[in-house]
Amino acid sequence: MKKWNNQIMLKLILLAVIFLGGCGGGVDSGGYGGAMSGYAGGDSAGKGKGQLTILLAQYNQPGKMQLASELQSRARKVLGSDDVWLQNSEPGLAVNYGHFETDSQAKKELAGVKKIYGQLEPGPWQFCYIMEIPEPDPPAPEQWNLLKSNCAHSLEIGTYYDVPEKNYYDRKADAVKAVTNLRQDGEAAFFVHGRFHSRVYVGCLSSVDFGKQWENGVQKTTLSPSAQELRSKYPFYHENGYKIYDISYDEDGRKSRTQRKSRFIKMDIFGLDRRQMPF
């Protein structure tokens, strides 16, 4: 019985590969994030300008350089373009096609690539999709990066993310600009650039600013006067510079909206590896 179940499972996996294989959908989850987003390197400058590209394949196995180079050569012939470029994407090597300035341009080209994807012979377990070309980090003092600080906690007050549909790709620069403005006002402000978002923080707090106490059998977090003052000064959260509202419904189905609040974070959410960041 166990052997029969394993055989059925193997067939289901093979069917899934057949169904999903080839050139995938237009976007990767996370909004054009892609498996390599945030990890520029190698020949990532390519030959053109633009914020989006089409990932043709990514090789993580031994011999990845040879596999990527061979696909690059084939793709240039099949696609009739020299703009097929390699990108370091640890632990792998990506093969990308094109540099597109708008979302519509990238989607139109992807539709054509999907029709001839098999001719590229990318190998098994490969998919292609539109992904964002990571922008380099804008210049900023090292001490403004929360990951370089000695803070144990900070207050997250906003986030910036790129919007390809609106040709907006300035999330890193705008996050640094927000921190610059806050610091000019005398605040201890910080940023963290993640794979898809750039977040803004104020305050450099220690563990003693947060305590625990029991109320009616429920453990609650207590804030020091400094933490309370910070929360009262920056009570709300913003996305791309705009207020954010959360929608809720009561028992009678009546809708209400409340402005999203800022949130205290603990530094250990970031882990030791930047690729572990939750955004």
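The values are calculated or read from the model by the stated rules, or taken from the named source; none is laboratory data. In this text, all values refer to a predicted model and were calculated from it rather than measured experimentally. Here Cβ is always computed from backbone atoms with ideal geometry, including for glycine, and neighbour counts include all displayed protein chains.
Could you check segment 254-278 and list, in sequence order, the residues that are assigned to a loop (DSSP other than H, G, I, E, B) and either in contact with a Lys or Arg (Cβ under 6 Å, 6 or more places away or on another chain) or modelled with pLDDT of 85 or more (or both)?
ARG254, ARG260, SER262 - these are the residues of segment 254-278 that are assigned to a loop (DSSP other than H, G, I, E, B) and either in contact with a Lys or Arg (Cβ under 6 Å, 6 or more places away or on another chain) or modelled with pLDDT of 85 or more (or both).
Filter segment 237-265 down to the residues that are within 18 Å of GLU156 (Cβ to Cβ) and without any contact (Cβ under 8 Å) to a residue 40 or more places away in the chain and list them by number. Outline the logic, then answer.
Here is the first cut: in segment 237-265, the ones within 18 Å of GLU156 (Cβ to Cβ) are 237-246, 258-265.
Of everything in segment 237-265, those that are within 18 Å of GLU156 (Cβ to Cβ) and without any contact (Cβ under 8 Å) to a residue 40 or more places away in the chain turn out to be TYR242, LYS243, ILE244, TYR245, ASP246, THR258, GLN259, ARG260, LYS261.
Which residue is nearest to ALA178 (Cα to Cα), if the candidates are limited to segment 217-253 and must be aromatic (Phe, Trp, Tyr) and in a strand (DSSP E or B)?
The residue in question is TYR242.
Residues to consider are LEU146, LEU155, LEU110; find the one that is touching a residue at least 40 places away in the same chain (Cβ under 8 Å), outside the structural domain of VAL202 (by TED's automatic domain parsing) and either of a type in the set (Asp, Glu) or touching a Phe, Trp or Tyr at 6+ places or on another chain (Cβ under 8 Å) (or both).
Only one candidate passes the filter, namely LEU110.
Report the residue count in segment 205-250 for those that are touching a strand residue (DSSP E or B) at 6+ places or on another chain (Cβ under 7 Å), basic (Lys, Arg) and at pLDDT 90 or above.
The number of residues fulfilling the criteria is 2.
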